[in-house]
Structures are given as C-alpha cells and as structure tokens.
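Here's the structure we're looking at; comments come further down.
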Amino acid sequence: MIVSYDVGSLPLEKPSETLSEHFRERIIQGFIDKVKAGIEISNYPQYRDMNEMFLEMMDGVVKTRDGYRLEKKPTLKPYSKRIAEIEVLRLNSKKVSEKIGGKAKIKMCVTGPYTLSSLFTYPDSDIFLFLAEVMAEVVRENVFREKNAEVCFLSLDEPVFGMVDDPRLDFSSEGRDILVKAWETIFYQAKSRGLTTSIHLHNTTLNLFWHVSPLDVVESHVDDPFYSSNQTKKALEETDKFVKASISITNFDTLIRKKVMDNPPTKVPIEQKIGEVWKKIKNGEIDPHIFIEEVSLMEERLTKIVKSFGVERVTYAGPECGLGGFPSYNCAIECLRRTSQAVKNVNRQLT
C-alpha cells in the first residue's frame, strides 16, 4: 500500500495574524487538520522560515547584513535543542490522539546542510559537515515514541541542491564526498532510532544522493524527469531505495498560470494576468479553490509513476512541496484532502 505524507508548511489561518499569538493552538490544529484530510504521516505544521528556525538554534553562527558567518564550529545551544513544533505535539499528544482517533504518526523535516550553507558568506566544503553534525543532534534530541504519538519519519529538505552551479560539487572535487558524508551523518541518527529517511529535492540532476547508504526515499517535484527516467528505475533497484511520488503541484503561481493558459490567448502578458488573479483572490472576487488540481489528475500521475517503477518501489505519495504559498488555510487543506483521496483511489485499484 502507498502511504501519504505531506512536506510541511501551511499558510496561517488569518493572514494578518502573527504566529507567536497562537503558536500552540496553530500547531495542534494544523496537525489535526492534516490527519483529518487523510494524510497518514503528517509533518509538523511549519509556519516558520525553514532556514532561520534551525540557524537560530546554533551557537557559533552570526547573522550579518551580507548573510550568515561562522565565528567558530557551530554547536546546538543547550537551551534550544527541541524543535518547538514537535515539542508542542509531544506535550499535547493525548489531546491530538483523541481528536484524530488514534496514535499520531509525525514526520520531522529538517533543513539540510547544503541548503543552510547557501546562506553563509564564502562557505567552503567543510561547512557541510559542521552543519550536519548540529542537525544530527537536532534529530537525536527530537525523536520520541510515546503511547499517543511518535516521530517515525525524517525528511531532509535540500531545495537549493542542484539549483545553482557550485564549484564545490564539481566532479572529482572533495566537496562531493564531504556532502555525502554530511547527509549520512544526519540519516544515521534517524536510522539508528528506527525512522524512515527521505530527501526532499527540487532538482535531481546531480545524483549524489544515490550514494547515501542510510537514505530510504527520494522525492522531487511533479515535473522532474526523475519520475519518468529509466535511469531512476535502475538506480532504485541497484541502491535498494524508494520514491515518494509527488502528485500535486503546490506552486500557486503555476496553478494559476495553467488555468489562465486554458483560456483563449489575449495580448495581456501572462505575468500580468497572474497578478490580476492574485488581486481578485485577495479581494474575495475569485475562490482560490478553482485552481487546485483535480483528484483525477493526481491519480493519473501516481498511476503513471507506479507503472514506471513498480508498486514495490513507490512506497509514498503526496504533494510536491509545502503549502505555505497557498492563498488560504482552507485551500491548502483541500489540496491535502484531494491528494490523499488520489492515493486511496490508486491503492484500491492495486488491491
């Protein structure tokens, strides 16, 4: 059976609201709403910046006008070892369990060392391992298994990897080996605690991830050739890894663009049309739900990926990325509901 999980982020329920006002309530309700939408392994609701939330946990890291820099080898602050969102779910696990009608299965996402390193001024390759050692400690400090809830899945988010030309990752460069070791450092912490491990990518052109032995699952974006490549199928079998099928587009500009381009062409530039749609959404003149993809399309994508790789290699499915860019909270939850329904439909066809 294919299991559904989400990437993490959600928009705040009220755009004018600051997260600090109702942090605990937003985390609890966001998680409950994800599960009730049908997501089987739900990521802690991510409302904060995925880079800053982890860099703020580190000693030896200084934020400057030009970016971050290392004053010394980074370490985890002794009073800041817990991810606040996961701690909220742990402390309120009984309440969450009662609301969802069972044990809460929590996915923990942490930002990868490559993506974090991109925020530093003049970083060399050693920074990959420095940051990875801290993130491995974050993983170690935040895994828990209790009666009503458990962290059972780790996703390492590396959206910057493969998106820029980086001489540190040139063929035969030392940086490639250091990055693989950095990823392994984090994943070993998760695997030793019984977690399934995955890497979330926006580009899979650089194939270093295949060399990471404690990595279980690879995921990318809907339109990545990764999902239709014979090379992917071969690599999955050779490395005994699996894919999470990304079956719903989460970039709302892309969703608007697709809908606009279905209409007869005009002389108005497409970017201007997208801007006009956003304005109407914010003014309440257009219901944003009309831009969410249909269950049938998501189902079609998943079926195609299963046919390409075999159901034994497609163990998970879900949206391609976080939903923090959606125009409303309800719209984001509806996307999760449709995605979950598509997974259920395909599972029924496979049995």
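All of the numbers you see were taken from the coordinates with simple rules; none came from a lab. Keep in mind that this is a model prediction, so the values were computed, not measured. Counting neighbours? That spans all protein chains shown, and the Cβs are built from the backbone with ideal geometry, glycine included.
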Those trypsin sites (Lys or Arg not before Pro) from the range 12-97 that are DSSP loop and have at most 10 other Cβ neighbours within 10 Å turn out to be Arg65
Along the charge dipole of the range 1-128, Cβ charges K/R +1 and D/E -1, which of Val7, Ile100, Met53 sits furthest on the positive end? Ile100
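What dipole magnitude, in Debye to the nearest 20, does the range 27-129 give about its Cα centre under +1 on Lys/Arg Cβ and -1 on Asp/Glu Cβ? Can you show the working numbers first?
Working: 18 positive and 13 negative charges, 109 e Å.
Computed charge dipole of the range 27-129: roughly 520 debye.
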Phi angles of the range 166-179, converted by Karplus (6.51 cos²θ - 1.76 cosθ + 1.60, θ = phi - 60°) into ³J(HN,Hα) in whole Hz with x for Gly and Pro, give 10, x, 5, 10, 4, 4, 6, 7, 5, x, 4, 5, 5, 5
Could you work out Rg/(2.2 N^0.38 Å) for the chain, with Rg from alpha carbons only? 0.99
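So how much slack lies between Asp170 and Lys280, counting 0.36 nm per residue of separation and subtracting their Cα-Cα distance, in nm? Walk me through the numbers on the way to the answer.
Values: separation 110, 0.36 × 110 = 39.60 nm, distance 4.58 nm.
Stretched fully, the Asp170-Lys280 segment lengthens by 35.0 nm.
Exactly which trypsin sites (Lys or Arg not before Pro) in the range 218-269 are in a DSSP loop and have at most 11 other Cβ atoms within 10 Å?
Numbers: sites: Lys233, Lys234, Lys241, Lys244, Arg257, Lys258, Lys259, Lys267; in loops: Lys241, Lys267.
Qualifying residues, ordered by number: Lys267.
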Quick one: if the Förster radius is 30 Å, what FRET efficiency do Ala84 and Thr121 give, using the C-beta to C-beta distance and rounding to 0.05? 0.60
Can you give the helix-only mean residue ellipticity at 222 nm for the chain, where every DSSP H stretch with n ≥ 4 adds -39500 (n - 2.57) and the sum goes over all residues, rounded to the nearest 500 deg cm²/dmol? -12500 deg cm²/dmol
So the number of lysine pairs in the range 264-351 with alpha-carbon atoms under 27 angstrom apart, 8 or more residues apart or on different chains, is 6
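Taking neighbour Cβ counts within 10 Å as the exposure measure, how do Phe144, Phe171, Phe130 sort from fewest upward? Don't skip to the end; give the middle numbers.
Details: Phe144 17, Phe171 6, Phe130 22.
Fewest-to-most Cβ neighbours within 10 Å comes out as Phe171, Phe144, Phe130.
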Dividing the mean separation of Cα pairs under 8 Å (6+ apart) by the residue count of the chain yields a relative contact order in percent of 21
The range 147-207: trypsin sites (Lys or Arg not before Pro) falling in loop per DSSP and having at most 12 other Cβ within 10 Å: Lys147
Tell me the label-point distance for the pair Lys77, Val268, using the 7 Å Cα-to-Cβ offset, in nm and rounded to one decimal. 4.7
Could you count how many Lys pairs in the range 69-201 have their Cα atoms under 20 Å apart, skipping same-chain pairs fewer than 8 positions apart? 21
